[in-house]
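*Asks:* Sending over a structure as structure tokens; questions will come in a sec.
The values are calculated or read from the model by the stated rules, or taken from the named source; none is laboratory data. Just so it is clear, the structure is predicted and the values come from calculations on it, not from any experiment. Don't worry about glycine lacking a Cβ; one is built from the backbone with ideal geometry, like all the others, and counts go over all protein chains shown. SASA here: full protein model, heavy atoms, side chains in, ligands and nucleic acids out. Shrake-Rupley method; radii C 1.70, N 1.55, O 1.52, S 1.80 Å.
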Amino acid sequence: GHHADCNWNQIPDSCDIAAGASRDVNGNGVPDECEQLGDLNCDGTVNALDIAPFLLALFDPAQYPIQYPNCLINNADINGDGLVNAEDIEGFILLLFGP
């Protein structure tokens with residue numbers, strides 16, 4: 001089987017987490033250092049499938065963790081100001097489509 005190693009340290013992510021070498025605060029099996037800004041559906045990629053969950057995080061933040069319980073809503077804080085708000089939209093679009 002395929003074992004994810006998102007931080008390329010030759011140790012499967014699940015072992016990194018179990019050993020305490022990586023934190024996994026949301027318990028989704030992905031080390032926190034590998035959580036990607038803009039990856040709002042937690043599939044490991046930033047793509048069009050993240051648009052709907054990004055909008056959910058933006059406009060209905062109480063509903064977001066219900067629909068995406070293993071994801072970090074902070075992945076929607078693209079500009080890093082600690083808030084998920086309209087100021088993150090431009091950065092999200094850049095993540096999706098490049099400069």
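*Asks:* Where the convex hull is taken over the Cα atoms of region 1-76, what is its projected area averaged over directions, in nm²? Could the numbers behind the result be given before it?
*Replies:* Working: hull surface 20.9 nm².
Averaged projected hull area, Cα only: 5.2 nm².
*Asks:* Around Leu72, what is the net charge, scoring Lys/Arg as +1 and Asp/Glu as -1 over all other residues with Cβ under 10 Å from its Cβ? Please list the in-between numbers first.
*Replies:* Values: positive: none; negative: Asp32, Glu35, Asp39, Asp77.
Charge balance in the 10 Å sphere: -4.
*Asks:* Same structure, new question: Of all the accessible heavy-atom surface of the chain, with the other protein chains kept in place and a 1.4 Å probe, what percent is carbon and sulfur? Mind dumping the intermediate values first?
*Replies:* Values: 3600 of 6010 Å².
In the chain, the share of accessible area belonging to carbon and sulfur is 60 percent.
*Asks:* If you don't mind, another one. Before rounding to the nearest 500, sum -39500 (n - 2.57) across all DSSP H runs of length at least 4 in the chain and divide by the residue total; then give [θ] at 222 nm in deg cm²/dmol. Mind dumping the intermediate values first?
*Replies:* Numbers: 4 runs with 28 residues, N = 99.
It comes out at -7000 deg cm²/dmol, rounded to the nearest 500.
*Asks:* Mind giving me the nanometre distance, one decimal, between the label points for Ala86 and Asp60, set 7 Å out from Cα along Cα→Cβ?
*Replies:* Going from the Ala86 label point to the Asp60 one covers 2.1 nm.
*Asks:* Could you size up the charge dipole of the chain around its Cα centre, putting +1 on the beta carbon of Lys and Arg and -1 on that of Asp and Glu, and report it in debye to the nearest 20?
*Replies:* Values: 1 positive and 16 negative charges, 36 e Å.
In total the dipole reaches around 180 debye.
*Asks:* So for region 23-99, averaging the separation of alpha carbon pairs under 8 Å that are six or more residues apart and normalising by length, what relative contact order in percent results?
*Replies:* Numbers: 98 pairs, mean separation 21.0, N = 77.
RCO, region 23-99: 27 percent.
*Asks:* What are the chymotrypsin sites (Phe, Trp or Tyr not before Pro) within the chain that DSSP puts in a loop, where the Cβ has at most 13 other Cβ atoms within 10 Å? The partial results should precede the final answer.
*Replies:* Values: sites: Trp8, Phe54, Phe59, Phe92, Phe97; in loops: Trp8.
Those that pass, being in a loop and sparsely packed, are Trp8.
*Asks:* Express the accessible area of the chain per residue in Å², computed with a 1.4 Å probe while the remaining protein chains stay in the model. Walk me through the intermediate numbers first.
*Replies:* Working: 6010 Å² over 99 residues.
Roughly 61 Å² per residue, with all protein chains present.
*Asks:* Name the residues whose placed amide hydrogens come within less than 5 Å of the amide hydrogen of Val84, ignoring near sequence neighbours (fewer than 5 apart) on the same chain.
*Replies:* When sequence neighbours closer than 5 places are left aside, there are no close amide H contacts.
*Asks:* Quick query: amide H of Cys6 versus all other amide H atoms, modeled in the peptide plane; which residues come in under 5 Å with a sequence gap of 5 or more or a different chain?
*Replies:* Asp13
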